[in-house]
Amino acid sequence: MLIKLALGNVRKSIRDFSVFFLTLAFGVCAFYAFGSLSDQTAVIQMTSDQRASVQSLMGIFSGVSVFLAVILGFLVVYANRFLIRRRKREFGVYLTLGMRRGQVAAIIAAETLTVGAAALAAGLAAGVLLSQLMTYVTARLFETTVAGFSLVLSPRAAAQTVEYFALMFAVSLVFNVGTVSRFRLIDLLRADKVSEKVKLRSLPLSVALFVVSLALIGFAYKTLLDHGIFSDGPWFGLATLLVSVGTALFFFSISGFLLRLVQSSKGIYLRGLNMFVLRQLNSRVNTAWVSITMVCAMLFVAVCGVCTGLSVSWNMNQAILEGTAYDATITYYPRGYSGSEERGEGALAAQACDYDMVGTLSAAVPEWGSLVRDAARVRLYEPSVGEGGLPVAWALEHTEGDFGSIANQLFTANGERCLDMVRLSDYNALRALLGKKPVELAADECLVWNDLATLDDIWGAFAAQNRELTVMDRALRPRAELAREHIGDSIGGTVSGALVVPDDVLPDHAVAYACYLNVMFAGSREATQQPFLDALEAALAAETSPEARFFDGTGMVDTVNTALDLRDATGSTTITTTYLAIYIGFILLITCASVLAIQQLSSTSDSQGRYRLLSELGCPQRLIYRSLLVQA
């Protein structure tokens, strides 16, 4: 009998339960779709490193899911609060007819379980469909393919989703039963005639708090603009705290004087239904300022999280594309620079200056000609102050502007060093490898080279403000434009502030402290990379002197970076950031939309009698509808 009554109640109150149902269904859908990610990737052609990245991502999702489950749990309780308020009189009638409170609680439990089970089933079905779409999105992010179409089901993700939402239903059930048990019969029967109390606040205090709230919000945004989101120190946390407190004070105080402020202008206050609308808004803000503040906070986190996550992912993808312009990069450090001999002296240093890296590798690697289409070497030099180098500290002192804490820290840490220098012939060889035209420099010109986008402003200002530099006893004028090519395959850049100078500026005996040999494969990256690395490794193993490493004692190979390896290594970070941004933003936006919908439904339900009275007094329907639109 009680079950039949509960099912009938759900059927009759389907509109009241719709928000609760949709909220739970969307939540279940998101939980399952993201939780089944590891099972979806079973049909994706991925490397072992990529699969390890997915497993790492799932570990992060597990922790985030607990946080989001708590948020959805609060939403479930909030939604049930609205349902209980709507049906207090109905519960009072049940008690009047002789039902015990335990039986009423059983009806509520049956209703909650019915709606919850339906939402769980619908959410899981939608989650299965969404997970199939995410399979192709994941494959696209990893730049791979799906091995045919197959419907992938994840029992593990389904079980975990059921566990989370069973706990939410249990909390909701305890809340509902406790609410009904706590109220007296007379309060339940008169529930539709009792409105929430509106506490009047002091007008001077409200105005003062309003001014304080605006000051806190303004100072918070100024702090963010001055220090940025990722700056060192407590600035971001301080700004977040200030804007949160300011928002709470804003909604707490505005209801205390907004109505009185508008009342002072009779022309506005007495026009149409403004008097009714303003009192309705004042009552809603006064009684719901806490929930409105929470909605603002969740929207702040959702919007910032989604925008920041997608922006970071986009920037990382751009950095990956720009930083992997070459198929492979071999980094080489001459021993004449870092060994026992002084720079510029000794046989090893002399050999390192003009060492033919391509010729040596061609002889050491028999497959070189068939694997490599073209290659170019770039050498970095760092003359000391005594040799005519330009200190980084000097560059910072002679460049005016506010470039942020990151730039200042970088230059302060490297203030004792001198700016790197690159011969124009090396730079043009690199441009030729990329299919670009060579750069021509006059005898008194130089070019500032920077491949770190975050430092473009400071190096651009340096080139614009310092019209003459004394380098190696030569007066050189920096070009206005910056060189932006990457010196080698890397993520995040490798050269910042180097000077590209005419070849004769650097003496013949100068010793490079680092060399980059950039390689373009003769075939595709996927088909050529592994044979290239295998041939290189075989040649290294065949050397009688491991210390020589192809270079007859003049230096050593430090690293061999390939574009595909760098993309695989950074792709997991990009995908993690993207999915977390979408996951958190999706759940929080659902929560905000549900809370706002419940607030609107609750307000409209409480005001039905008032709107009915307006209609009976002859108020046109269009004005009533407009008042509802303004309040929404």
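The values are calculated or read from the model by the stated rules, or taken from the named source; none is laboratory data. Computed from a predicted structure; not experimentally measured. Quick reminder, even Gly has a Cβ in these numbers, built from the backbone with ideal geometry, and neighbours come from all protein chains shown. The protein model used for the area step is the full one, side chains on, heavy atoms only, and it has no ligands, DNA or RNA in it. Shrake-Rupley method; radii C 1.70, N 1.55, O 1.52, S 1.80 Å.
Residues in the stretch 349-402 that are part of a helix (DSSP H, G or I), within 44 Å of the chain's Cα centre (by Cα) and either at pLDDT below 85 or more than 22 Å from VAL519 (Cα to Cα) (or both): MET357, VAL358, LEU361, VAL392, ALA393, TRP394, ALA395, LEU396, GLU397.
Conditions tested, residue by residue: (1) outside any helix (DSSP H, G or I); (2) open to solvent by less than 20 Å² (accessible area, probe 1.4 Å); (3) modelled with pLDDT under 75.
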residue	(1), (2), (3)
LEU566	no, no, no
THR574	no, yes, yes
TYR583	no, yes, yes
LEU588	no, yes, no
ILE598	no, yes, yes
LEU601	no, no, yes
SER615	no, no, no
LEU628	no, no, yes
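The residues in the stretch 403-436 that are within 17 Å of ASN450 (Cβ to Cβ) and at pLDDT 80 or above can be counted, and the count is 13.
I'm checking my understanding of the structure. Among residues of the stretch 511-526 that are under 34 Å from the mean Cα position of the chain (by Cα) and surrounded by fewer than 22 Cβ atoms within 10 Å (Cβ to Cβ), which one is modelled with the highest pLDDT? So that I can check it myself, show each step before the final result.
Narrowing the stretch 511-526 to residues under 34 Å from the mean Cα position of the chain (by Cα): 516, 518-520, 524-526.
Now drop any that are not surrounded by fewer than 22 Cβ atoms within 10 Å (Cβ to Cβ), which leaves 520, 524-526.
Values: MET520: 94, SER524: 90, ARG525: 89, GLU526: 86.
Ranking the qualifying residues of the stretch 511-526, first place goes to MET520.
All conditions but one from (1) at pLDDT 75 or above; (2) within 15 Å of SER594 (Cα to Cα); (3) open to solvent by less than 20 Å² (accessible area, probe 1.4 Å) apply to PHE20; the one that does not is (1). Looking only at the stretch 275-292, decide whether some residue is part of a helix (DSSP H, G or I), surrounded by fewer than 18 Cβ atoms within 10 Å (Cβ to Cβ), at pLDDT 75 or above and hydrophobic (A, V, I, L, M, F, W, C). No: zero hits. Residues that are within 28 Å of ALA581 (Cα to Cα), open to solvent by less than 50 Å² (accessible area, probe 1.4 Å) and modelled with pLDDT under 75 occur at least once in the stretch 77-89.
Would you please name the residue that is most open to solvent (accessible area, probe 1.4 Å), looking only at residues in the stretch 448-485 that are in contact (Cβ under 8 Å) with a residue 24 or more places away in the chain and among the small types (Gly, Ala, Ser)? Quick ask: steps written out before the conclusion?
Of the residues in the stretch 448-485, the ones in contact (Cβ under 8 Å) with a residue 24 or more places away in the chain are 448-459, 461-462, 465-466, 469-479, 481-485.
Those left that are additionally among the small types (Gly, Ala, Ser): 453, 461, 475, 483.
Details: ALA453: 71, ALA461: 18, ALA475: 52, ALA483: 3 Å².
Top of the filtered list is ALA453.
Picking from residues in the stretch 301-317 that are open to solvent by 60 Å² or more (accessible area, probe 1.4 Å) and modelled with pLDDT of 75 or more, the one that is nearest to ALA522 (Cα to Cα) is CYS307.
Only one of the numbered conditions (1) open to solvent by less than 10 Å² (accessible area, probe 1.4 Å); (2) modelled with pLDDT under 75 is not met by SER62, and that is (1).
One line per residue, one yes/no per condition, for (1) under 24 Å from the mean Cα position of the chain (by Cα); (2) modelled with pLDDT of 80 or more:
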residue	(1), (2)
LYS222	yes, yes
ILE229	yes, no
GLY233	yes, no
ALA239	yes, yes
SER244	yes, yes
LEU258	no, no
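Which condition breaks for MET472 when tested against (1) in contact with a strand residue (DSSP E or B) (Cβ under 6 Å, 6 or more places away or on another chain); (2) on the phi > 0 side of the Ramachandran plot; (3) aliphatic (A, V, I, L, M)? Looking at each condition in turn, MET472 falls short on (1).
Let's see how each residue does on (1) in contact with an Asp or Glu (Cβ under 6 Å, 6 or more places away or on another chain); (2) surrounded by fewer than 17 Cβ atoms within 10 Å (Cβ to Cβ); (3) at pLDDT 70 or above; (4) of a type in the set (Lys, Arg):
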residue: ILE14; (1), (2), (3), (4): no, yes, yes, no
residue: THR41; (1), (2), (3), (4): no, no, no, no
residue: PHE91; (1), (2), (3), (4): no, no, yes, no
residue: THR96; (1), (2), (3), (4): no, yes, yes, no
residue: GLY116; (1), (2), (3), (4): no, no, yes, no
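For the stretch 137-150, the criterion of a residue being modelled with pLDDT of 75 or more, surrounded by fewer than 19 Cβ atoms within 10 Å (Cβ to Cβ) and out of contact with any Ser or Thr (no Cβ under 6 Å at 6 or more places or on another chain) is satisfied by no position.
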